[in-house]
Amino acid sequence: GAVVSQHPSRVICKSGTSVKIECRSLDFQATTMFWYRQFPKQSLMLMATSNEGSKATYEQGVEKDKFLINHASLTLSTLTVTSAHPEDSSFYICSARGQGSANEKLFFGSGTQLSVL
Amino acid sequence: QKEVEQDPGPLSVPEGAIVSLNCTYSNSAFQYFMWYRQYSRKGPELLMYTYSSGNKEDGRFTAQVDKSSKYISLFIRDSQPSDSATYLCATLTGGGNKLTFGTGTQLKVEL
């Protein structure tokens, strides 16, 4: 299957700092990338949908000024958690869909565990 | 009521057992049904996807969808310790862009 690389896998930061998470499609061009957040023993919750070259579409209740998404190329999308606070601590996961691929065939990154102290 | 309901478990079975994992959903518009496997602190891995009702088999895994009762199942035959993970069901409307996930069922296959 297609490979989606996500970095870093784990980050610990102080409250008030910003953290950038990268999501790369390694062997295909991803026209659309999705960002999810997962709390312990809970489902993946979609935060935003990112299309290459256009502004991301955020789900209801997700602050776009806090979670900045940039999808500048067909292989890279970034999520920046600005002014992180302890309540932002969570497992963040990206997924990608290739050109012409259906949404039922999404490939996920390995996730980033964010801990805000 | 959540759109997709899934028993979180944990479910513990002996090696070699047949495992049955299930989800129910409420939205009749869902047409695609997926099962993902997620190891601890890793991203989900697509196991199987099914369109509409019916069965689909892939090796030791069988996915079943019953749209009349809004019930989806994943069966694992000859379960192995390496199958120990969290299994997430997910649904998608036809032409839709947004996956709806269940909470996941934690499975442990013991020696």
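The values are calculated or read from the model by the stated rules, or taken from the named source; none is laboratory data. Keep in mind that this is a model prediction, so the values were computed, not measured. Note that we place each Cβ from the backbone using ideal geometry, even for glycine, and neighbour counts take in every protein chain shown.
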Selection from segment A:1-30 of residues that are under 14 Å from the mean Cα position of the chain (by Cα), surrounded by fewer than 19 Cβ atoms within 10 Å (Cβ to Cβ) and among the polar types (S, T, N, Q): A:Ser5, A:Ser9
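Does segment A:1-21 hold any residues that are at pLDDT 90 or above and within 17 Å of B:Pro44 (Cα to Cα), and which are they?
Across segment A:1-21, the qualifying residues are A:Val4, A:Ser5, A:Gln6, A:His7, A:Pro8, A:Ser9, A:Arg10.
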Looking only at residues that are more than 11 Å from chain A (Cβ to nearest Cβ), surrounded by 15 or more Cβ atoms within 10 Å (Cβ to Cβ) and of a type in the set (Val, Ile, Thr) in segment B:1-20, which one is nearest to B:Pro81 (Cα to Cα)? B:Val13
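Do we have any residue at all in segment B:77-90 that's over 20 Å from A:Gln42 (Cβ atoms) and either β-branched (Val, Ile, Thr) or within 14 Å of chain A (Cβ to nearest Cβ) (or both)?
no
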Can you name the residue in segment B:94-105 that is more than 11 Å from the chain's Cα centre (by Cα) and more than 8 Å from chain A (Cβ to nearest Cβ) and is also farthest from B:Leu11 (Cα to Cα) among such residues? B:Gly95
List the number of the failed condition for B:Ala17; all other conditions in (1) modelled with pLDDT of 95 or more; (2) closer than 22 Å to B:Gly96 by Cβ hold. (2)
Breaking point among (1) surrounded by fewer than 18 Cβ atoms within 10 Å (Cβ to Cβ); (2) more than 29 Å from B:Glu5 (Cα to Cα), for A:His71: (1)
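Name the strands (runs of 3 or more DSSP E) wholly within segment A:40-93 that hold at least 2 residues that are away from every other protein chain (no Cβ under 14 Å)? Give the derivation first.
Values: elements: A:44-51, A:67-73, A:76-81.
In segment A:40-93, the matching strands (runs of 3 or more DSSP E) lie at A:67-73, A:76-81.
Would you point out which residue out of B:Ser82, B:Ser28, B:Ser69 is loosely packed, with under 13 Cβ neighbours inside 10 Å, within 25 Å of A:Arg10 (Cβ to Cβ) and of a type in the set (S, T, N, Q)?
B:Ser82
Being more than 22 Å from A:Thr75 (Cα to Cα), surrounded by 19 or more Cβ atoms within 10 Å (Cβ to Cβ) and either of a type outside the set (D, E, K, R) or free of Cβ contacts under 8 Å to residues at least 24 places away in the same chain (or both) is true for just one of A:Ser43, A:Ser50. Which residue is that?
After ruling out the rest, the residue left standing is A:Ser43.
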Residue within segment B:14-22 that is outside any loop (DSSP other than H, G, I, E, B), of a type in the set (Gly, Ala, Ser) and in contact (Cβ under 8 Å) with a residue 24 or more places away in the chain present: yes
Any idea which of (1) surrounded by 17 or more Cβ atoms within 10 Å (Cβ to Cβ); (2) within 9 Å of chain A (Cβ to nearest Cβ) is the one B:Cys23 doesn't satisfy? (2)
Output the residues belonging to segment B:43-61 that are crowded, with 16+ Cβ neighbours inside 10 Å and more than 13 Å from chain A (Cβ to nearest Cβ). B:Phe61
On the given criteria, is B:Arg77 exposed (fewer than 15 other Cβ atoms within 10 Å of the Cβ) and in contact with a Lys or Arg (Cβ under 6 Å, 6 or more places away or on another chain)? yes
